[in-house]
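The values are calculated or read from the model by the stated rules, or taken from the named source; none is laboratory data. Computed from a predicted model, the values in this text were never measured in an experiment. Cβ atoms come from the backbone with ideal geometry, glycine included; neighbour counts cover every protein chain shown.
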Amino acid sequence: MGKIFSVSDEQLKNILDNYSTWLEKDDKEKLYPEEQKQRVIELKKTLLNKRYLEETSNKDMVEKVIEYSRTLEGPAYIKLGVPRVTNEINNIKNNLIYLIDSKDDPFRKAANVIEGKYKIQYF
């Protein structure tokens, strides 16, 4: 794979070193990487786990989707209400299983969910 950054290896090392130094100086920011790791672990056990998706009740699934949606940051944050999630929970489950099972490349998966045959209006 070619370089994805238009900086030299030395410049990238310098950026990462400065980031690490900054991170250690801010108590709140210091926790962020570990919180994100824990979040990924939780997602792998729930919304990105095919067995969980197949075995969890729709009611519990709605709660998990709402809970997850409240953790999104920045422009990705979407206010989803319980009625909308409840009405679309089967489509949400199907989409997550598609993302887990499909052999499509990641770009095709994203396109199908965002604007293709797996698109869910308002999501």
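Quick rundown of the values:
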{"read-out": "Set Lys30, Lys44, Lys50: member being out of contact with any Asp or Glu (no Cβ under 8 Å at 6 or more places or on another chain), on the phi < 0 side of the Ramachandran plot and basic (Lys, Arg)", "value": "Lys44"}
{"read-out": "Selected residue (criterion: nearest to Arg84 (Cα to Cα)) from residues of the range 1-12 that are surrounded by fewer than 10 Cβ atoms within 10 Å (Cβ to Cβ) and out of contact with any helix residue (DSSP H, G or I) (no Cβ under 8 Å at 6 or more places or on another chain)", "value": "Ile4"}
{"read-out": "Tally, over the range 18-72, of residues that are assigned to a loop (DSSP other than H, G, I, E, B) and modelled with pLDDT of 90 or more", "value": "6"}
{"read-out": "Residue that is nearest to Lys64 (Cα to Cα), among those in the range 1-50 that are among the acidic types (Asp, Glu) and over 22 Å from the mean Cα position of the chain (by Cα)", "value": "Asp27"}
{"read-out": "Residue within the range 73-82 that is assigned to a helix (DSSP H, G or I) and either touching a residue at least 12 places away in the same chain (Cβ under 8 Å) or surrounded by 11 or more Cβ atoms within 10 Å (Cβ to Cβ) (or both) present", "value": "yes"}
{"read-out": "Residues of the range 1-17 that turn out to be of a type in the set (Asp, Glu) and at pLDDT below 90, as a count", "value": "1"}
{"read-out": "Filter result for Glu115 (over 13 Å from the mean Cα position of the chain (by Cα) and more than 30 Å from Ser20 (Cα to Cα))", "value": "yes"}
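Residue by residue, here is whether (1) closer than 23 Å to Leu99 by Cα; (2) surrounded by 10 or more Cβ atoms within 10 Å (Cβ to Cβ); (3) among the charged types (D, E, K, R) holds:
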position: Asn14; (1), (2), (3): no, yes, no
position: Lys28; (1), (2), (3): no, no, yes
position: Tyr32; (1), (2), (3): no, yes, no
position: Lys44; (1), (2), (3): yes, yes, yes
position: Asn49; (1), (2), (3): yes, yes, no
position: Glu54; (1), (2), (3): yes, no, yes
position: Asp60; (1), (2), (3): yes, yes, yes
position: Glu63; (1), (2), (3): yes, yes, yes
position: Glu67; (1), (2), (3): yes, yes, yes
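Yes/no matrix, rows are residues, columns are (1) farther than 17 Å from Asn94 by Cα; (2) in contact with a Cys (Cβ under 7 Å, 6 or more places away or on another chain); (3) among the acidic types (Asp, Glu):
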| site | (1), (2), (3) |
| --- | --- |
| Gln11 | yes, no, no |
| Asn14 | yes, no, no |
| Thr21 | yes, no, no |
| Glu55 | no, no, yes |
| Val62 | no, no, no |
| Glu67 | yes, no, yes |
